[in-house]
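Step one of this worksheet: look at the structure below.
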Amino acid sequence: MTRTPTRPSLAPERRKQLRQQRRQERLRQLWRITLFSAAATGLGWGLLREGWVLRSPDQIEVLGSSQVNREQVIREAQLQLPQPLLGLKPRELAQRLSAGLPVEQVQVSRLMLPPRLRISLVEREAVAQAQRRSAKGMERGYVDRLGNWMTSRQQRGSGANRTPQVMVMGWQERLRAPLADILAQQNELGSTLQQVRFEPNGSLWLRTAALGDVHLGLPDQRLNRRLEVLRHLSSHLPKQIKTLKIQSIDLSDPEQPELGLPGKGRISIAALQKAIAEANRPPQAPSTTNRPAPPPAAD
């Protein structure tokens, strides 16, 4: 008895149908994934746009300052509510706030749950009045303890009631670091600091209550040594020298300080001290060792 070839002839057709079914199933799965992804993306975008929105000032936190309030922050940051949280750029906000508020540092953070904006501030305080030359001419303002320029508006915004007594003349951006060093040490100079003056080339002058104008030269790596000599002179300069009409003191070479005296030019402090010591030395009594013997008495 012979076998019919029907079953072997149907096997390739069945395999073809199975392949088609699998392809269709994969297409359906891909379509479902695409549909769900699009829906999730749309829902997520809608949540970001509508759910994470600053709608009221209560969603803005201001930390680290007892003088800057929320209204000042909103005004200086130019925030318009309602405002999508993700549409804010923290770096730009920090720059605006640093320019308009009396603060040394600003950090802006976006928080999602619940949606809010956190602004952390480090306050600035004016420690000296200042003048600088700008494109508009001579400009008056203030500087903080780090030597940064402060506008009069920033100083008023800090709520300070006391006007600093030290004056900084010729403020320059590139000289903030040495200025900060001097302001930090002003109470250790041995005499009240009255003025800090920078010449256009950067050469530095100080004026103190006891010594007057003191030339420190260019603020290089020997600046601290010059300040040490200044402290020493303020405390130990002899009274005879203090009573002289000193025009200036030159500490550009801290190992050989010089005085500027009217009509005498410059003279080193060591030489002047020596001259004063010799002038004040008591005269010596005449010596009797080789004195001739008196003549003998007559009979």
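The values are calculated or read from the model by the stated rules, or taken from the named source; none is laboratory data. Keep in mind it's a predicted model, so treat the numbers as computed, not measured. No Cβ is skipped: glycine too gets one built from the backbone with ideal geometry, and neighbour counts run over all protein chains shown. Heads up: the accessible areas ignore ligands, DNA and RNA and are worked out on the full protein's heavy atoms, side chains in. Shrake-Rupley method; radii C 1.70, N 1.55, O 1.52, S 1.80 Å.
With open to solvent by less than 40 Å² (accessible area, probe 1.4 Å), touching a residue at least 12 places away in the same chain (Cβ under 8 Å), touching a Pro at 6+ places or on another chain (Cβ under 8 Å) and closer than 15 Å to PRO254 by Cα as the only criterion, which of LEU227, LEU233 stands out? Even if it seems obvious, please write down each step before you answer.
Numbers: LEU227 fails: touching a Pro at 6+ places or on another chain (Cβ under 8 Å).
Exactly one of LEU227, LEU233 is open to solvent by less than 40 Å² (accessible area, probe 1.4 Å), touching a residue at least 12 places away in the same chain (Cβ under 8 Å), touching a Pro at 6+ places or on another chain (Cβ under 8 Å) and closer than 15 Å to PRO254 by Cα, namely LEU233.
Return the total of residues in the stretch 123-140 being in contact (Cβ under 8 Å) with a residue 24 or more places away in the chain and out of contact with any helix residue (DSSP H, G or I) (no Cβ under 6 Å at 6 or more places or on another chain).
Adding up the residues that qualify gives 9.
Give the residues of the stretch 1-57 that are at pLDDT below 75 and among the small types (Gly, Ala, Ser), sorted by residue number.
Hits for the stretch 1-57 are SER9, ALA11, ALA39, ALA40, GLY42, GLY44, GLY46, GLY51.
Could you tell me how many of the residues in the stretch 91-110 are open to solvent by 40 Å² or more (accessible area, probe 1.4 Å) and either part of a strand (DSSP E or B) or touching a Lys or Arg at 6+ places or on another chain (Cβ under 7 Å) (or both)? Explain how you work it out, then say what you get.
Within the stretch 91-110, the first condition is being open to solvent by 40 Å² or more (accessible area, probe 1.4 Å), and the residues that meet it are 91-92, 95-96, 98-99, 104-105, 107, 110.
The next check asks that each one be either part of a strand (DSSP E or B) or touching a Lys or Arg at 6+ places or on another chain (Cβ under 7 Å) (or both); those that pass are 104-105, 107, 110.
Going through the stretch 91-110 one residue at a time, the tally reaches 4.
Out of ARG197, ARG207, ARG174, report the one residue that is of a type in the set (D, E, K, R), open to solvent by 60 Å² or more (accessible area, probe 1.4 Å), under 30 Å from ALA135 (Cβ atoms) and free of Cβ contacts under 8 Å to residues at least 24 places away in the same chain.
Just one listed residue meets the conditions, ARG207.
Do you know which residues across the stretch 50-75 are outside any loop (DSSP other than H, G, I, E, B) and touching a residue at least 40 places away in the same chain (Cβ under 8 Å)? Please lay out each step first, then the result.
Of the residues in the stretch 50-75, the ones outside any loop (DSSP other than H, G, I, E, B) are 50-51, 53-54, 57-63, 70-75.
GLY51, VAL53, LEU54, GLN59, ILE60, GLU61, VAL62, LEU63, GLN72, VAL73 - these are the residues of the stretch 50-75 that are outside any loop (DSSP other than H, G, I, E, B) and touching a residue at least 40 places away in the same chain (Cβ under 8 Å).
Give the number of residues within the stretch 191-209 that are part of a loop (DSSP other than H, G, I, E, B) and either closer than 15 Å to ARG145 by Cα or touching a strand residue (DSSP E or B) at 6+ places or on another chain (Cβ under 8 Å) (or both). Even if it seems obvious, please write down each step before you answer.
Here is the first cut: in the stretch 191-209, the residues part of a loop (DSSP other than H, G, I, E, B) are 191-192, 199-203, 209.
Filter once more, so that each one left must be either closer than 15 Å to ARG145 by Cα or touching a strand residue (DSSP E or B) at 6+ places or on another chain (Cβ under 8 Å) (or both): 191-192, 199, 203, 209.
Count: 5.
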